[in-house]
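**Q** Can you keep this structure in mind? I'll have questions shortly.
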Amino acid sequence: MSRSVLVTGGNRGIGLAIARAFAESGDKVAITYRSGEPPAGFLAVKCDITDTEQVEQAYKEIEEKQGPVEVLVANAGITRDQLLMRMSEEDFSTVLDTNLTGTFRVVKRANRAMLRARKGRIVLISSVVGLMGAPGQANYAASKAALVGFSRSLARELGSRNITVNVVAPGFVDTDMTRALSDEQRENIVKQVPLARYAQPEEVAASVRFLASDEAAYITGAVIPVDGGLGMGH
Ligand code: NDP
């Protein structure tokens, strides 16, 4: 069965791997992008998730071209790393506005059609950092931890309508986001990971696709770590 899927930030990194995984399964996949040339093979809609009006327009276009969103993957996210002493209020609020409020905007808009259809799958991309913390990432960790409370509230609110809401919490994944780290930082991270390597984006995508599958129909409010064992015990 071909479903209408939306992956925010599906133009690169983990989001692109997720979009490809759903497309491989035969789903219709829309991705958001903000600038440049989006990758081919998807319904690419221009959308900055910090702008409610752009989110509304994106959903209208998707509904028109591939039908109401049945599977939403809220993946778009940013970092603005800085030690607390030097972290500006803007560094903090921009990260929160993108990672948390941006997720709220896309989930709220998706919920409308899911309630009507009495089914839906929502997967939020959090991070091991949201559960463990990381120096220099107080803004990012706060935003990613908040997604857990957000998703669990929605899992309770929407469960009776056959809508599941789950979180995937990746560890360190080889993308532009982590390529921005210094070699020393990258080596230190690998030393702490039991599997002693970074994840490939496809390894995160596999868990997301599973949570949206029929096999995962009884899983909601879960936080699935895909972190090579880094966060074990949280
Ligand atoms: P990238 O930096 O490679 O990609 C980020 C994606 O988010 C891009 O598609 C980007 O779009 C999009 N995005 C950022 N801000 C906005 C916005 N305001 N509106 C719309 N789209 C936006 O990151 P990753 O692929 O590594 O990360 C994807 C998700 O996974 C993020 O939520 C991240 O926090 C999380 N994650 C990543 C980990 C890692 O190690 N890489 C580990 C744990 C979690 P554009 O191309 O337009 O900039």
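The values are calculated or read from the model by the stated rules, or taken from the named source; none is laboratory data. From a predicted model like this one, the values you see are computed outputs, not experimental measurements. Cβ coordinates were reconstructed from backbone atoms using ideal geometry, including for glycine residues, and neighbour counts include every protein chain displayed.
**Q** Based on this model, can you work out whether Ala110 counts as under 18 Å from Val208 (Cα atoms), touching a residue at least 24 places away in the same chain (Cβ under 8 Å) and away from the ligand (no atom under 14 Å from the Cβ)? Even if it seems obvious, please write down each step before you answer.
**A** Numbers: under 18 Å from Val208 (Cα atoms): yes; touching a residue at least 24 places away in the same chain (Cβ under 8 Å): yes; away from the ligand (no atom under 14 Å from the Cβ): yes.
In short, yes.
**Q** Can I ask one more? Sort out for me the helices (runs of 4 or more DSSP H) sitting completely within the stretch 120-234 that have 3 or more residues that are of a type in the set (Ser, Thr, Tyr) and crowded, with 21+ Cβ neighbours inside 10 Å.
**A** Values: elements: 128-132, 138-158, 176-179, 183-192, 201-211.
Output list reads 138-158.
**Q** Just one of Asp227, Asp176 is under 23 Å from Gly15 (Cβ atoms), within 16 Å of the ligand (Cβ to nearest atom), at pLDDT 95 or above and of a type in the set (D, E, K, R); which is it? Even if it seems obvious, please write down each step before you answer.
**A** Numbers: Asp176 fails: at pLDDT 95 or above.
None of the others qualify; the one that does is Asp227.
**Q** Suppose we filter Ala44, Ala23 for residues that are in a strand (DSSP E or B) and more than 8 Å from the ligand (Cβ to nearest atom); which single one remains?
**A** Working: Ala23 fails: in a strand (DSSP E or B).
Answer to the selection: Ala44.
**Q** While we're looking at this one, here's another question. Just give me the residues in the stretch 69-100 being in a helix (DSSP H, G or I) and near the ligand (Cβ under 10 Å from one of its atoms), in sequence order. Write out each step before concluding.
**A** Let us first name the residues in the stretch 69-100 that are in a helix (DSSP H, G or I), namely 84-86, 89-100.
Listed by number, the residues that qualify are Thr94, Val95, Asp97, Thr98, Asn99.
**Q** Quick one: is Leu211 away from the ligand (no atom under 14 Å from the Cβ) and of a type in the set (A, V, I, L, M, F, W, C)?
**A** Yes; evaluated as a whole, the condition is true for this residue.
**Q** Taking the options Val128, Val123, Val69, name whichever one is in contact with an Asp or Glu (Cβ under 6 Å, 6 or more places away or on another chain) and of a type in the set (A, V, I, L, M). So that I can check it myself, show each step before the final result.
**A** Values: Val123 fails: in contact with an Asp or Glu (Cβ under 6 Å, 6 or more places away or on another chain); Val69 fails: in contact with an Asp or Glu (Cβ under 6 Å, 6 or more places away or on another chain).
Criteria check complete, one pass: Val128.
To keep it simple, each residue is scored yes or no on (1) touching a strand residue (DSSP E or B) at 6+ places or on another chain (Cβ under 9 Å); (2) polar (S, T, N, Q).
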| residue | (1), (2) |
| --- | --- |
| Ser153 | yes, yes |
| Ser160 | no, yes |
| Val165 | yes, no |
| Thr175 | no, yes |
| Leu181 | no, no |
| Val190 | no, no |
| Pro201 | yes, no |
| Ala212 | yes, no |
| Ala216 | yes, no |
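**Q** Quick check on Val45: is it of a type in the set (A, V, I, L, M, F, W, C), in contact (Cβ under 8 Å) with a residue 40 or more places away in the chain and touching an Asp or Glu at 6+ places or on another chain (Cβ under 8 Å)?
**A** Details: of a type in the set (A, V, I, L, M, F, W, C): yes; in contact (Cβ under 8 Å) with a residue 40 or more places away in the chain: no; touching an Asp or Glu at 6+ places or on another chain (Cβ under 8 Å): yes.
The answer is no for Val45.
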